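To start, the structure itself, in structure tokens.
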Amino acid sequence: MPVLPASFSPTTITRVALANVLANGAIVLTGGVVRLTGSGLGCPTWPRCTDDSFVTTPEMGIHGVVEFGNRLLTFVLSVLAVALVVVVLRSARRDLRPLAVAAFLGIPAQGVIGGITVLTGLNPWTVAAHFLVSMGLVALTTVLWLRSREPGAGQPLVGRPFRLLVRAVAAAAALVLVMGTVVTGSGPHSGDLEAGRTGLDAELVSHLHADAVFLLVGLTVALLVALHATDSPGRIRRAARDLLVVELAQGVVGYVQYFTDLPVVLVLLHMLGAVLVAAYAARLVWSVRGPASEAPLTASVEPAVAAR
């Protein structure tokens, strides 16, 4: 039996953390394939695929294969989450332990919500919860991965007004993702012909979703302008700039899919955009603090930075 090393290297932690980010993003896309191919009930029960089998059967056809394939990816994600906890616990990075444990606990939570989703016949609200937990895991593992590349989180690099604006951007990004699930639950591509819908006016919630996007873009532009006007650290400016690029690209895809009756390819691309919004918003939040090795921001400097 192989013996685990007494301590894992920073490179190993970073690689395992990145693998978790990619796996959490991938399972969102495979879940999208399940929904967009109408395979949401390809395995009509849970935790088994049928009453008599844990795996798909030939009689279930392609829908069973697609749904069971998504379930298998959950096991891969579970292995990676366990590996992340192990390598972090067997390292000197105590600051990463809460994040690693939270990322691990998110996997069984996802499994339970996914099971409830199947057992309730793809209730749109449980489908939304299933998606949003994945977005949270993408954001969480992104922060963990970024932190693992530095010796630790240091002091804030900007003053309190900027930090509050960053939080507002993150909150707006969360609102956009939540409203996106409401739009999805009110429109087509339910995952199965028998699946229910929210009953809300799809056009109305689409407009509300667009309003949330305008708010997010406006806040991000305001943050970026303020950061450049005060010559703030490059890591924060780059994070805000890249998030804005992702938001604009996602907005274009959203509008095109809306006016072209939601083609499957564009819907899947929009889901990829949602993953990127979660990841880049998390990166923006991470960027506010410098590495632990950097000189801390003193009490006398912070107000001056905020006022510049």
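Spin-label model, residue 248 to residue 102: label points 7 Å out along the Cα-to-beta-carbon direction sit 3.1 nm apart.
Coupling constants for the stretch 14-20 follow from the phi torsions by the Karplus curve (6.51 cos²θ - 1.76 cosθ + 1.60, θ = phi - 60°), and in residue order they are 4, 5, 5, 4, 5, 4, 5 Hz; glycine and proline get x.
Based on Cα atoms of the stretch 126-224, Rg over Rh with Rh as the Kirkwood radius reads 1.09. Calculated FRET efficiency, residue 119 to residue 155, Cβ-Cβ distance, R0 = 45 Å: about 0.40 to the nearest 0.05. The angle between the Cα long axis of helix 61-89 and the main principal axis of the chain comes to about 30°, on a 0 to 90 degree scale.
Work out, step by step, the length gained on full extension between residue 46 and residue 221: first 0.36 nm times the residue separation, then minus their alpha carbon distance; give nm to one decimal.
Numbers: separation 175, 0.36 × 175 = 63.00 nm, distance 4.49 nm.
Full-extension gain reported as 58.5 nm.
Using a Förster distance of 41 angstrom, determine the FRET efficiency expected from the C-beta separation of residue 228 and residue 203, and round it to 0.05. Walk me through the numbers on the way to the answer.
On the way: r = 38 Å, r/R0 = 0.92.
Efficiency for this residue pair is about 0.60.
Length available on full extension from residue 112 to residue 255: 0.36 nm per residue minus the Cα-Cα distance, which gives 48.1 nm.
Ranked from highest to lowest mean number of other Cβ atoms within 10 Å per residue, what is the order of the peptides 70-82, 17-29, 260-272? Don't skip to the answer; put the middle values down first.
Numbers: 70-82: 17.2, 17-29: 20.7, 260-272: 14.9.
Top of the packing list down: 17-29, 70-82, 260-272.
Based on DSSP H segments of at least four residues, each scored -39500 (n - 2.57), the chain has a per-residue ellipticity at 222 nm of -24500 deg cm²/dmol.
The alpha carbon radius of gyration of the chain, expressed as a multiple of 2.2 N^0.38 Å, is 1.09. Over all orientations, the stretch 61-116 has a Cα convex hull whose mean projected area works out to 3.9 square nanometres. Note on residue 164 and residue 57: the model spin-label points, each 7 Å out from Cα along the C-beta direction, lie 6.2 nm apart.
Close amide H contacts of residue 153 (hydrogens built in the peptide plane, cut-off under 5 Å, sequence separation of 5 or more or a different chain): 292.
Note on the stretch 173-250: Rg/Rh from C-alpha atoms, Kirkwood Rh, equals 1.17.
Note on the stretch 5-136: dipole from Cβ charges, positive end direction compared against 45, 132, 30; the farthest Cα belongs to 132.
Computed extension gain for residue 214 through residue 264, at 0.36 nm per residue and net of the alpha carbon distance, reaches 15.6 nm. The residues of the chain expose, per residue, 49 Å² of accessible area to a 1.4 Å probe. Here the chain is treated with +1 on each Lys and Arg Cβ and -1 on each Asp and Glu Cβ, and its dipole about the Cα centre works out to around 1440 debye. For the stretch 35-91, the fraction of 1.4 Å probe accessible surface lying on carbon and sulfur atoms is 70 percent. Between residue 7 and residue 72, the FRET efficiency estimated from the beta carbon spacing at R0 = 35 angstrom works out to 0.60.
The values are calculated or read from the model by the stated rules, or taken from the named source; none is laboratory data. As the structure is a computational prediction, the values presented were derived from the model and not from experiment. Every residue, glycine as well, gets a Cβ built from its backbone with ideal geometry; the counts of neighbours run over all protein chains shown. Accessible surface areas use protein heavy atoms only, side chains included; no ligands, DNA or RNA. Shrake-Rupley method; radii C 1.70, N 1.55, O 1.52, S 1.80 Å.
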